[in-house]
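The numbers here are math on the coordinates, done by the rules we state, and not lab data. Bear in mind the structure is a predicted one, so any value in this text is a computation, not a measurement. So basically every Cβ, Gly included, is an ideal-geometry build from the backbone, and we count neighbours across all protein chains shown.
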Amino acid sequence: DQQVKQNSPSLSVQEGRISILNCDYTNSMFDYFLWYKKYPAEGPTFLISISSIKDKNEDGRFTVFLNKSAKHLSLHIVPSQPGDSAVYFCAASGSNYKLTFGKGTLLTVNP
Amino acid sequence: GAGVSQSPRYKVAKRGQDVALRCDPISGHVSLFWYQQALGQGPEFLTYFQNEAQLDKSGLPSDRFFAERPEGSVSTLKIQRTQQEDSAVYLCASSQQLAKNIQYFGAGTRLSVL
């Protein structure tokens, strides 16, 4: 039973537009959420995170939104750039620190 | 080095062979994690160390998997009598004491068992 779900395997957007990646979770004990970006043959790179006491965190072009009642979070990238093309993983953790990941969404930003 | 270093990057093993995968975490990071990533999936937790103590090994799939971090720095993941289903990318991550949730990953070791 997947506790973290990314229901869109892929997403394609035009350069300069907004990319919105979505993630749902089922475990109410998760209190910290992260987004990682992964290029082929590399490890996941930390992008941005949010604690469950917040509903929004922003870092440059990247914003993460958390809706606890819906158990849903999203990553917004504005404006999208071709270099953003990668697989994006949503991850969640609770008090034991181990990360539970979704299956990832492949983002393609077209020039 | 500046990041988490893993070796070897690629390992091909014959079924039944033992393998050892190494992880060198970011200097000063007390927490170290191992994850297994199958093709088309997200990473899955295997085990967690705080310094030299293995605090959680609930994700290790069988007793053929063993991890150690004897001096609280470098860690080794050992897989005995490898099976084809062990083929995956093995990722190591480390984090700071005050921000354990934010884990920094190495490039991984891709293990192929023939």
**Asked** Cross-link partners among lysines for A:Lys5, C-alpha distance below 19 Å, same-chain residues fewer than 8 apart left out?
**Response** A:Lys37, A:Lys38, A:Lys68, A:Lys71, A:Lys98, A:Lys103
**Formal net charge of residues neighbouring A:Asp59 (Cβ-Cβ distance under 14 Å; K, R +1; D, E -1)** = +2
**Message:** Can you give me the C-alpha center-to-center distance between segment A:88-105 and segment A:19-55, rounded to a whole angstrom?
**Reply:** 6 Å
**Request:** First obtain the Kirkwood hydrodynamic radius of chain B from its Cα pairs, then insert it into the Stokes-Einstein equation at 37 °C and 0.692 mPa s, and state the resulting D in µm² per second as a whole number.
**Result:** 236 µm²/s
**Fluctuation leader among A:Asn96, A:Asn27, A:Asn57 - chain A, Gaussian network, Cα springs under 10 angstrom** = A:Asn96
**Fill in**
Listed residues B:Tyr90, B:Tyr48, B:Tyr104; largest mean-square fluctuation, Gaussian network over chain B with Cα springs below 10 Å, found at B:Tyr104
**Message:** Pairs of alpha-carbon atoms within less than 8 angstrom and 6+ residues apart define the contacts here; what relative contact order does segment A:1-106 have, in percent?
**Reply:** 36 percent
**Prompt:** Do you know the Lys pair count in chain B for C-alpha distances under 21 Å, with sequence separation 8 or more or different chains?
**Reply:** 4
**Request:** Sum up the charges of everything whose Cβ sits under 14 Å from the Cβ of B:Lys11, counting Lys and Arg as +1 and Asp and Glu as -1, but leave B:Lys11 out.
**Result:** +4
**Item:** Nitroxide proxy distance, nm - points 7 Å out along Cα→Cβ at B:Leu55 and B:Gln17
**Value:** 3.6 nm
**Prompt:** Taking chain B as a Gaussian network, Cα atoms linked when under 10 Å apart, which of B:Gly16, B:Gly28, B:Gly40 shows the biggest mean-square fluctuation?
**Reply:** B:Gly40
**Message:** With +1 on the Cβ of every Lys and Arg and -1 on the Cβ of every Asp and Glu, and nothing else charged, how large is the dipole of chain A about its Cα centre, in debye rounded to the nearest 20?
**Reply:** 120 debye
**Complete:** For A:Lys68, placing the label point 7 angstrom along Cα-to-beta-carbon and taking segment A:1-41, residues whose amide nitrogen sits under 18 Å are A:24-34
